[in-house]
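**Student:** Take a look at the following structure, please.
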Amino acid sequence: EKKDEVDHAVRRVCAMLDFAKEAEAWALGGPVGTEHKQLKGRPVEYLKEPLKRVQEHAHHVEIPVYVEMIRGLETHALNGIETAIPLIGEMCDAYLKLHWDTSQALDHGDGDLAYEIREIGEDLLGHVHISEVARGPLKIQGQVYRQLPAVFRALRDIGYEGYVSFEGFCYDLWPAVGREDTVHAYAMTPEERRELAFRETKSSLGLMKHV
């Protein structure tokens, strides 16, 4: 409905793809959507046209785009496999796939991570993101960690051979996570950001050590 905003968003992502090409990156990933709450529950077909334009540019620069499903507090678009699989499944090729995150899956799903992986399948799955953070009603410390054996079995079973990346968070340094005013969390001093980066990296390395 706001064509200028959509065009600007498409140009921005295409510029990111150009930069990724120059940087010799292997892919570009992240969420897509809108903060407009009036669009919550609206069919996501409105995303087809802009995603198709991004997909065409991804083919041109030969950099795949992996679209992340993300919780409803941050975007009202692809909030789970129920909306993401039909949309991306219809458009999917080597340059447009899904980016799946354990934390986001816990927030918008029923807590069965291996089930989601099998529902997505190898053809649609472009990248896997593992994080112990679960910011929704199912938040239980260690929930992702306890499911990791099942997660990796499911990845093996569907034939996934892509990357698995790790993301760490520190709740004591990220006070607004889990609330709708998450933008406040970015109002940190440079010192706080450096400390956050150090501790979150340490958190990810600790999880990787156990895996």
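**Student:** Do any of 21/202; 52/202; 21/52 go past 28 Å between their Cα atoms, and which?
**Tutor:** Checking Cα-Cα distances, 21/202; 52/202 exceed 28 Å.
**Student:** Okay, moving on. In nm, to one decimal, how far is the modelled label at residue 48 from the one at residue 193, with both set 7 Å along Cα→Cβ?
**Tutor:** 4.0 nm
**Student:** Would you grab the residues whose amide H sits under 5 Å from the one on residue 101? Only those 5+ places off in sequence or on another chain, please, with H modelled 1.01 Å from N.
**Tutor:** 69, 129
**Student:** What does the net charge come to around residue 60 if you take all other residues with beta carbon closer than 10 Å to its beta carbon, with K and R at +1 and D and E at -1?
**Tutor:** Result for the local shell: -2.
**Student:** Could you order the peptides 59-69, 82-92 from most to least packed, using the average number of other C-beta atoms within 10 Å per residue?
**Tutor:** Details: 59-69: 20.0, 82-92: 16.8.
In decreasing order of mean packing, 59-69, 82-92 become 59-69, 82-92.
**Student:** Using amide H atoms built in the peptide plane, which far-off residues or other-chain residues are under 5 Å from residue 96 H to H?
**Tutor:** It is 65, by chain and number.
Where a number appears in this text, it was derived from the coordinates with a stated rule and is not lab data. Computed from a predicted structure; not experimentally measured. Heads up, the Cβs are rebuilt from the backbone with ideal geometry, glycines too, and the neighbour counts pull from every protein chain shown.
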